[in-house]
Amino acid sequence: MSQRKTWSELLLRQPAGVDRSRLRYGINEATGWHDFANGSHQDQISEYLRAIQTQIVRIYAFDSWTPNPVSDWPAFTRYVNAVLKAGATPMITFVRFRPPFGNPRMIQWFAQRCGDLVWSCIEQWGGHVVRDWYWCVWNEPNSSWTNPGLTFELYHQIYLEVAHKILRWISPYLDGRRVLIGGPAIDTFQPFWMDWLWRFVHETDNSLIGFVLWHQFGEWRAPRDWGAPQEPMIYRRLIMSRTRVYLEHVTTIQRLIAGRGILNICGRLNANSHHEARISCQLNQTIFGAVFYTAALIHLMRGGADGELYWMGSGAGNPYGLWDEQARPTPTYHAKRLATQAVRYGDEIVIDDPPAASRDLLMVQTRGIDGSRSALIVHLSDRKGQYCLADMVTNPRDYAIIRKIDSDSPTQVIAGPCDGTIAYNGLGVAIATTTVAD
Amino acid sequence: MIQRHTASESTLNSSAATKVCLRYGVNETDSWWHFALGPERERIWQRLRAMRTQIIRIFLFDKGAPDPITEWKLFKSYVDAVLAVGAVPMVTFAKFHRPLNDPRAIRWFAEKCGEVVWSCLDEWGEERVREWYWCIWNEPNSDWIGGGLSFEQYRDIYERVAHAIVRWLGPSLGSRRAPIGGPAVEGFQPFWMDWVQRFVDELDPALVGFVNWHRYADWRDHGENGAPSNPATHEAMMMWQTADYQSRARSVGRVLPETDVLNVCGEWNAHSHYLPLVRARFNQTQFGAAFGASALLHLIRGGVDAEMLWTGTDESCGYGVLKPNSQPTPLYYARRLCAQYARYGDEIALHSLDNNANGLDGMLIRGAGGRCSAILVHREPATASYDVAELTRDRVPDKCTLIKTDGETGTAVTAKTFDGTATLVGYGVAVITNVVAGCDVESEADWV
C-alpha cells in the first residue's frame, strides 16, 4: 500500500480570498418536531437554537410526520411558535401531495391548500411578520424514491400554481420586498440534478423565485453497500473528502443565479443520510460529524452561500439531530456553536490556504463589525497535532481565548487562555478569539 | 513523455492556470482500420497533425481492435499510424472477459499486457516506447462499458498489470515516472470521484503516471429519461455545463500528489447516446463544435495536462471529427482553431473575456514570436456581433486576421482581415490573431 494523503491534504489547496460571510445559519425541524414544539425540553432547545445563531428553521407541512395545518391547526401553531420563540424565521415547506402528480385538479387543490395555509398564517401572526417567511414548494421532487414519476414539467406547473396562490395573499404586505418562495429542494445524489436547477431558474419568472434550495449529504450508503468501501478508514476518509463538494455546488449555483437576486441555500446537510442509526449515527453525531459539518460550513461560506439548514435539530432518537430527545447536545452542536461564535452573518472573512506545515487544518479568519477577530480552525486529521497560531493568523498575540472540542473531549468545550498554540487530540474544531466573552 | 507543470504553473494551488498546459489528443478506436489502413489514411493523418494531435489513445482487447498476439501486423499498422501523425500512443488494455475474481484470469491478463509491452519494445525500440502511455482498463466503474468492477477488483488488476508493464519497460525509464495510468473513470456514475481519490491514495505511487477521467455532457435524447423535450432548452442546458470540465479538472488536480502525475481527460464529447444518429446530432454539428471549443477552454483553465476527444476517425459512429474519407466535421475546425492558437506553453493573457452574457466563452492567448490570439466561442444559436477590443480590454494587436467557423462558413473555416468586429452566425468559433497558422492560410479547397 502506498502512502496515504491525509484528509486535510485532500480538502485544502484552494485559493485565498476576502469576503463577507453571507451565510445565514439554520436547521430543519422535521421528525423531531414534537420535542421541538411540545416536548419537556422545548425551552432548552430554544436556547440551543439561539446559541447557534439560528436564523432560519425549516419546517414541514403536508407530510406524514408533521402536524397537518388543516386538521390540527393548534399543533401547527405550536410548531411555528417554537421557531419564532427561538428568534428565527420559518421556512415552511409544502412537502407534497400523493401521486398521480399530473392531475390538474390535484394541482389546483394542493395550490389552494398552500394558499389557505399562507392566509391562515397571516391571520394568526400578521402580514407584517409573515412577509419575511420563506415558502418552499415541495421536497426533493427529483428523487424517484419519494416522488416517483414527478417530472420537471409537472413540478414546474405545481410550483407556479402554488407561487401564485402564495402571492395572492402575501402581496399586500410585501412593500417592495421580494417574496421568499423557492424550490426545488433538490436531491443532489440524483443524476442530472443540475438540470432541475437550471430549468427552475431559466424557465421561471425571476419575480417568483426568492431562493433555490439544494440538499447535499456526504454519503447515503453503508460501508460496502452499492460500491462503498468496506474498510472503515477508507469509507470515512472518502466522506470527509467530499466536504469540498459543498464549495463546488455553491459555486456552480452562484454562476447559475448570478444577477438574479435569488438566494442560494443549502437546505439539508449532514455527513450521512442513511436511515439506519447504526450506520449514520456514528458519522453524524460524533466528532467526525462535527468536523465534517464545520468543514462544510467553511466551504459554504467561501462559495458565498446565503444559508445552510442542518439536517436536523431535534433528533428524537434519529441519527441526525444536534441533540437527542433528552436535549443532550452532540459534538456537532458544540462545533456549530463554536463556528457561529467565530463567524457571524456579515463578518469579514478570510479563508486562506494554511501553511505547508499545517495541511491538516481548514481555517477561516473573521473580523466582526465591532472590530473583534476570531479564527475558526478545523483539524481534519485523526492524529494528534499541535500548531503555532503565528503560522496561521495575522496578529496572533491579539487572540485571548481558545475554545475547542476534539476526539478527547467531543461534548465538552474546553476553554483556556491563548498561549500561541492550538493542540488537538485527533479530529477537532477550535476557535481563537480576541474577546473573552462567550 | 510529457512533464507535468509545477504547482505554481498549473491550477493546483491557484485559482487559474497561467499557461496552457494542455496537450491535444484523440481516441482512435472503433474505426481504427480507416485510420490505420484506409485509403484516405494519409489525409487523415495530415488533418490530425493540423489539430496538433500529440497523443492518440488506442484500444486493445476491445472495440474490435486487432489482437496484438494473433494479428501483430494489423496492430503494428495501428501503432504506426499514430507515429505517422507525430503523436505518441496511449495503449489502453481495455478489459478481459474471464471471471474478474479469478486470480488465474488476472495473471493471464497481466502477462498478456506485459507481452504487448515487450513486443512493442522489440518492434519500435526503447527510445520510442518509453514515451508511450499505458492505460489499464476502460471505465471499470460502468456496468455497460467496463464490466462494473469494484474498486478493490480494479486495484488488484491494475497492480498486476502495472507490474507486468514495469517489468519490461522499467529498465528504459531511468528516473522517469512509469507512464501507466487509469482508472479511465466514467463520469456519469455516482461517486465517480471516489475512484480517482482511491486510485491516488491506494496504489503504489511508483505505478501511477496519470489519472484518466471521462466526461460527456449528456447521454439522453431530447425528452428521454427526464431530459428537456425542447431541443433549444436541452442544448442550452448542455452548453451551460461546459464549465463542468473546468470544475472536474480542478477536483482531480486537487487530489493528485504534487509530483508529475498527469491529469488527463481521456474521453470527452458533447453526447454519448447509445444510438449513433442521435449523438451525431449533438457531436457532429455546429452545436458540437461550439460545445467542444468551450470544453477545451475550460480544460485549459482547469489545468488539465492532456485531453483526448472521443473520437478522431469515425465511420457512422456519431462521435468522430473525421470521416473515413477524411472529411471533417465542424468540431474538427473548432478543435483546430483551439489547438493552433492555444498551444502548449502559451501564456493565458485573459482567462475569460469581458462579457456579461452566457452566450460567449473566450480567452486571450499569447504565444511564441509575439503571437496574440483571442478565441471566441459563440454558444448560442442566434447571430451575434462582438466588439473584440471591448471584450479583450484593447489587448488584441493591430492588423489581425479573423478566422472563424460558424453557420455561415458551414463545415470549413474562413479567414479575412479583422475589422474590429467578430460576427458569428449561430453556434461558432472565431479566432482573431496576428499570426495565422499555415493550415488556415492554405486554400479551403485543400482542406474541405
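Where a number appears in this text, it was derived from the coordinates with a stated rule and is not lab data. Bear in mind that the values here come from a model prediction, so they are computed numbers and not experimental data. Heads up, the Cβs are rebuilt from the backbone with ideal geometry, glycines too, and the neighbour counts pull from every protein chain shown.
Taken along its principal axes, the alpha carbon cloud of chain A reaches lengths of 65, 49, 45 Å, longest axis first.
Using C-alpha pairs under 8 Å with a sequence gap of at least 6, the mean separation divided by the residue count of chain B gives a relative contact order of 16 percent. For A:L23, the residues whose amide H sits under 5 Å from its own are A:G346, ignoring neighbours fewer than 5 places away on the same chain, with H placed 1.01 Å from N.
Note on region B:135-263: Kirkwood radius taken over Cα pairs, Stokes-Einstein applied at 4 °C and 1.567 mPa s, translational D equal to 80 µm² s⁻¹.
Semi-axes of the equivalent ellipsoid of region A:183-307 are 29, 15, 11 Å, computed as sqrt(5λ) over the eigenvalues of the C-alpha gyration tensor in descending order. The Cα atoms of region A:205-279 define a convex hull whose projected area, averaged across directions, is 6.1 nm². The label-point distance for A:E348 and B:E315, in a model that sets each label 7 Å from Cα toward Cβ, rounds to 6.8 nm.
Of the residues A:F94, A:F189, B:F151, the one with the fewest other Cβ atoms within 10 Å heads the list, and the complete ranking is A:F189, B:F151, A:F94. The modelled label-to-label distance between A:W125 and A:D205, using points 7 Å beyond Cα along the C-beta direction, is 2.6 nm. The magnitude of the dipole of chain A, with charges of +1 and -1 set on the Cβ of Lys/Arg and Asp/Glu and taken from the Cα centre, is near 360 debye.
The alpha-carbon atoms of region B:222-332 define a convex hull whose volume equals 106 cubic angstrom per residue.
Can you give the net charge of the other residues whose Cβ lies under 14 Å from the Cβ of A:P329, counting K and R as +1 and D and E as -1? So the environment of A:P329 carries a net charge of 0. Note: region B:348-447, Cα convex hull, 90 Å³ per residue. Pairs over the 32 Å Cα-Cα cut-off, from the set A:K85/A:K404; A:K85/A:K384; B:K19/B:K95; B:K76/B:K404; B:K73/B:K404; A:K384/B:K19: A:K85/A:K384; B:K19/B:K95; B:K76/B:K404; B:K73/B:K404; A:K384/B:K19.
Is region A:168-212 best put as rounded, prolate or oblate by its Cα gyration tensor, with a ≥ b ≥ c the root eigenvalues, rounded for a/c under 1.5, and otherwise prolate when a/b is larger than b/c, oblate when not? It comes out prolate by the Cα gyration axes. Compactness of region A:349-433 was expressed as the Cα radius of gyration divided by 2.2 N^0.38 Å, which yields 1.01. DSSP beta bridges confined to the protein assembly as shown are antiparallel in about 50 percent of cases.
Report note on the peptides A:379-390, A:407-418, A:267-278: ranked by the mean count of other C-beta atoms within 10 Å, highest first, their order is A:267-278, A:379-390, A:407-418. Each label was represented as a point 7 Å from its Cα along the Cα-to-Cβ direction; for B:A389 and A:H275 these points are 6.6 nm apart. If Lys and Arg each add +1 and Asp and Glu each add -1, what is the summed charge of the other residues whose beta carbon sits under 13 Å from the beta carbon of B:A105? Residues close to B:A105 contribute a combined charge of +3. Rg and Dmax of region A:253-315, both derived from C-alpha coordinates alone, stand at 13.8, 44 Å.
Within 10 Å of the Cβ of each residue in A:153-161, the mean number of Cβ atoms contributed by other protein chains is 0.
Rounded to the nearest 10 degrees, the angle from helix B:243-255 to the longest Cα principal axis of chain B is 40 degrees.
Counting every other Cβ atom within 10 Å of each residue's Cβ, B:K399, B:K323, B:K404 order from fewest to most as B:K399, B:K323, B:K404.
Relative to the dominant Cα principal axis of chain B, helix B:192-202 is inclined by about 50°.
3J(HN,Hα) along region A:327-334, derived from phi through the Karplus expression 6.51 cos²θ - 1.76 cosθ + 1.60 where θ = phi - 60°, amounts to 6, 8, x, 8, x, 5, 4, 4 Hz, with x in place of Gly and Pro. Between B:V435 and A:R255, the FRET efficiency estimated from the beta carbon spacing at R0 = 35 angstrom works out to 0.60. Paramagnetic label reach from B:R366 (point 7 Å along Cα→Cβ; backbone nitrogen cut-off under 12 Å): within region B:387-420, residues B:395-397.
Here the Karplus relation 6.51 cos²θ - 1.76 cosθ + 1.60, evaluated at θ = phi - 60°, turns the backbone of region B:391-396 into coupling constants of 5, 9, 6, 6, 9, 8 Hz, with x for every Gly and Pro. Annotation: the antiparallel percentage among DSSP beta bridges lying fully within chain B is about 45.
Remark: the protein assembly as shown carries a charge dipole of roughly 740 debye about the Cα centre, counting +1 on each Lys and Arg Cβ and -1 on each Asp and Glu Cβ.
In chain A, the DSSP beta bridges split such that about 50 percent are antiparallel, to the nearest 5.
Here the Kirkwood formula, the inverse mean of 1/r across different C-alpha pairs, assigns the protein assembly as shown a hydrodynamic radius of 29.0 Å. The mean sequence separation of alpha-carbon pairs under 8 Å and at least six residues apart, normalised by the residue count of region B:348-447, gives a relative contact order of 28 percent.
Take each residue in A:190-200, count the other chain C-beta atoms within 10 Å of its C-beta, and the mean is 4. In chain B, the longest principal axis of the Cα atoms and the axis of helix B:286-301 are about 70 degrees apart. Per-residue shielding of B:189-202, expressed as the average number of other chain Cβ atoms within 10 Å of the residue Cβ, stands at 5. Residues A:S241, A:S144, B:S294, B:S150, arranged from fewest to most other Cβ atoms within 10 angstrom of their Cβ, appear as A:S144, B:S150, A:S241, B:S294.
Treating r as the C-beta distance of A:D370 and B:A382 and R0 as 45 Å, the FRET efficiency rounds to 0.30. Pairwise Cα distances in chain B exceed 33 Å for 32 percent of all pairs. Taking the helices alone, the protein assembly as shown has a mean residue ellipticity at 222 nm of -10500 deg cm²/dmol, built from -39,500 (n - 2.57) per DSSP H run of at least 4 residues and averaged over all its residues. For A:K336, a cut-off of 15 angstrom between C-alpha atoms picks up these aspartates and glutamates, skipping any fewer than 8 places away in its own chain: A:E47, A:E308, A:D406, A:D438.
Per residue, the average separation of C-alpha pairs within less than 8 Å and at least 6 apart gives region B:183-303 a relative contact order of 31 percent.
If the segment from A:S171 to A:Q157 were pulled out straight at 0.36 nm per residue, it would be longer than the present Cα-Cα gap by 3.0 nm.
With no solvent and one point on each alpha carbon, what is the Debye value of log10 I(q)/I(0) for region B:193-277 at q = 0.12, 0.17, 0.24 Å⁻¹? Per q value, in the given order, log10 I(q)/I(0) is -0.47, -0.76, -1.12.
For B:R176 and B:W118, the FRET efficiency from 1/(1 + (r/R0)^6), where r spans their Cβ atoms and R0 equals 30 Å, is about 0.95.
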